[in-house]
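> Sharing a structure here in structure tokens format.
The values are calculated or read from the model by the stated rules, or taken from the named source; none is laboratory data. Not measured: the values here are computed from a predicted model. We place every Cβ from the backbone using ideal geometry, glycine too, and count neighbours over all the protein chains shown. In case anyone asks, the SASA skips ligands and DNA or RNA and just uses the protein heavy atoms, side chains included. Shrake-Rupley method; radii C 1.70, N 1.55, O 1.52, S 1.80 Å.
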Amino acid sequence: MLLPRPFAKTLLPHALDERVTGYLLDSSSGVAAPDELSQVATWLQSALRPATGLLLDRDAGGAIALQVDDLLGDDAYRLQVSPEGVRIAGGSAAGVFYGCQSLLQLLPPAIFRRSRVTGVSWELSAVEVEDAPRFGWRGAMLDVARHFMPKHDLLRFIDLMAMHKLNILHLHLTDDQGWRIEIKRYPWLTEVGAWRLESQVGADPNGPGDGRPHGGFYTQDDIREIVAYAAERFITIIPEIESPGHVQAALAAYPELGVTGAALDVWTRWGVSENVLNAEESTVEFFANVLDEVMDLFPSPFIGVGGDECPKNQWRNDRRVQARITELGLTDETALQAWFIARLNERLTARGRRLFGWDEILEGELPADAVVASWRGMTGAAVAARRGHNVVACPDNTVYLDYRQSLAPDEPIPVAIPLTVEDVYQFQPIPDGLTDDEAERILGGQANVWTEHMDSPRTIDYFVFPRICAIAEVLWSGPSHNFADFAERLDEHLARLDAVGVEYRRSTGPLPWQRRPGITGRPHTR
Ligand code: TNX
């Protein structure tokens, strides 16, 4: 039996077809899986146990059978529910995992509760679902630099990503306002760089600060734990170490990396600091050494080096930097930035990794293998794809989840333009006008969660949900978007988010998640 609606969705309609008998999960049910799927089986048991109280033992006979089917595409799965039981086949372990996520959605939303729920019958409708993602890069970028997210909360965020079949977590680990990863060779990066005296309040850089110290960092052991936890959920973590701008926290720790050499604080303001790296060989070496430790920790094929928003004033006005430009035979400051990125690229490619950076890295020579994150709209995506680069689409005017969610005066922070659920649902990761070959270079897209104005997991919940549900669906499903259909399924999905305890933004007004009329244009303030 096929689903009554066309399939390829991240959010499943709950009531599928009540006339057909399905399968009841009870104490006789077990999970059966070959060894290669034991990790997924364990995950499924732990997902089903808290609410149901069922053991679902591996040797109980196995009414839930997991298997790999080589005929299916890598991340694809087939999910069958009949009165005899449940069968989940995947093209790979990841595919089986996505099938398990769909299985949870077929159960009553209370399955997502973390404690025993009584009086619920854990019944599954009879279905047959075949599904596969559209894109291989279904991501979220989380900025743990502006506000540190403790490990426990980060693991929870990873679980929420997995629930939405997202598979890439781009972790923004360093910025002007904080350095969040232990680097053994340079301990002051975290001893000094992970802590700031206070934080700017709201959008006004000239207003008073909040007077509260803020900080924190992940030890290398923490990172190993986080990477493993994500891998068990088929999520790759892509670390990002910003350079040559957005580095004031590093300069506070090691002022010799800077142009002026002046003593600096870890920045307490938002925005883009003027303080950038100098162009000495020793500075390149410092950052390459940092990347070495980062590569030891993160198996990801892609390593982020940042490259965005590097103000050039200090370079323009500094004699030593100007002498370096001449010495290196470069034309100007833009070429210097490209030179810096290319030097880091050498260290990454020497270890078989690929450089990943923001679209500013297109402003100059860029190694062919580099992957470009297009954030200033979709222009960078088109340019990069035409030049032969792989692209990740994350245009700020569609998928920036720090942007406000309405024009209402009670939005926590009036950042930029409003982006409603419907707005983000219009996300088209492939820009218009590309040839088929060029379009192939778009790996997918990601939601970007910048945290200047999010100082707790609760606030992050509010900004991220339910907008990320819409982005996850766009990245999983085909190019045709039917918002009305999605909105209906989203309504059902909110019950799941409630059960998990996500403090999403509740809709107001008669047209819950719809675009407010009359709002156009790009943001000018952030
Ligand atoms: C621009 S997007 C930035 C971030 C800010 C964000 C705020 C990008 C590559 N750089 O540093 O946090 O705007 O919306």
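> Gain in length, residue 59 to residue 289, computed as 0.36 nm per residue apart minus the alpha-carbon separation, to one decimal in nm?
77.9 nm
> Now for a different question. Treating only the Cβ of Lys, Arg, Asp and Glu as charged (+1, +1, -1, -1), what charge dipole size does the chain show about its Cα centre? Round to the nearest 20 debye.
Its charge dipole is roughly 660 debye.
> On a 1.4 Å probe surface of the protein chains, which of 300, 282 comes out largest in accessible area, and what is the full order?
282, 300
> Karplus couplings for the stretch 290-299 from phi (6.51 cos²θ - 1.76 cosθ + 1.60, θ = phi - 60°), rounded to Hz, Gly and Pro as x?
4, 4, 4, 5, 4, 5, 5, 8, 10, x
> Enter the accessible area of residue 339 (Å², nearest 10), with the probe set to 1.4 Å and all protein chains included.
Looks like 40 Å² after rounding.
> Just want the answer: with Cβ charges of +1 for Lys and Arg and -1 for Asp and Glu, which residue in 250, 439, 380 is farthest toward the dipole's positive end in the stretch 137-484?
So the residue we want is 439.
> Moving on to the next point. Just to be sure I understand the model, the point goes 7 Å from the Cα along the line to the Cβ. What's the resulting residue 383 to residue 185 distance in nm?
In this crude spin-label approximation the distance works out to 3.2 nm.
> Which FRET efficiency, nearest 0.05, do residue 203 and residue 225 yield, Cβ-Cβ r, R0 41 Å?
So the FRET efficiency works out to roughly 0.70.
> If packing is taken as the average count of other Cβ atoms within 10 Å, what order do 34-45, 238-249 fall into, highest mean first?
238-249, 34-45
> Report, ordered by chain and residue number, the aspartates and glutamates lying within cross-link reach of residue 151, taken as a straight Cα distance under 15 Å and ignoring same-chain residues fewer than 8 apart.
The reachable aspartates and glutamates, counting only those whose Cα sits under 15 Å from residue 151, are 143, 159, 182, 221, 222, 225, 455.
> Set the Förster distance to 22 Å, then compute FRET efficiency between residue 413 and residue 159 from the Cβ-Cβ distance, nearest 0.05.
0.25
> Further question on the same structure: With +1 on each Lys and Arg Cβ and -1 on each Asp and Glu Cβ, and nothing else charged, work out how big the dipole of the stretch 71-121 is about its Cα centre, in Debye to the nearest 20.
Using Cβ point charges on Lys, Arg, Asp and Glu, the stretch 71-121 gives about 300 debye.
> Still on this structure, I have one more. If we sort 368-380, 316-328 on the protection proxy, mean other Cβ atoms within 10 Å, highest first, what's the order?
368-380, 316-328
> Tell me, what is the percent relative contact order of the chain, built from C-alpha pairs under 8 Å that lie six or more residues apart?
14
> Round to the nearest 10 and give me the degree value, 0 to 90, for the angle of helix 333-350's Cα axis relative to the longest principal axis of the chain.
Tilt of helix 333-350: around 50 degrees.
> Need one value: the accessible area of residue 340 in square angstrom, 1.4 angstrom probe, rounded to the nearest 10.
Accessible area of residue 340: about 10 Å².
> Say each of residue 435 and residue 317 gets a label point 7 Å from the Cα, pointing the same way as Cα to Cβ; how far apart are those two points in nm?
The modelled label-to-label distance comes out at 4.7 nm.
> Any idea what % of Cα-Cα pairs in the stretch 25-157 are farther than 25 Å?
Counting pairs separated by more than 25 Å, the tail of P(r) holds 31 percent.
> Dipole of the stretch 100-209, Cα-centred, from +1 at each Lys and Arg C-beta and -1 at each Asp and Glu C-beta, to the nearest 20 debye?
The dipole of the stretch 100-209 has a size of about 300 debye.
> Could you work out how far apart the two model spin labels at residue 84 and residue 458 are, taking each label as a point 7 Å from the Cα in the direction of the beta carbon, and quote it in nm?
5.1
> Sticking with this one: Have a look at 119, 230, 171 and report the one farthest towards the positive end of the charge dipole of the chain, computed about the Cα centre with Cβ charges (Lys/Arg +1, Asp/Glu -1).
119
> As an exercise, use a Förster radius of 30 Å and the Cβ-Cβ distance of residue 232 and residue 428 to find the FRET efficiency, rounded to the nearest 0.05.
Efficiency at R0 = 30 Å is approximately 0.40.
> Let me see the pair-distance distribution of the chain: every alpha carbon pair, 20 Å bin width, integer percents in order.
22, 54, 23, 2
> Another question, if that's okay. Could you compute how much accessible surface residue 59 exposes when probed at 1.4 Å, giving the result in Å² to the nearest 10?
140
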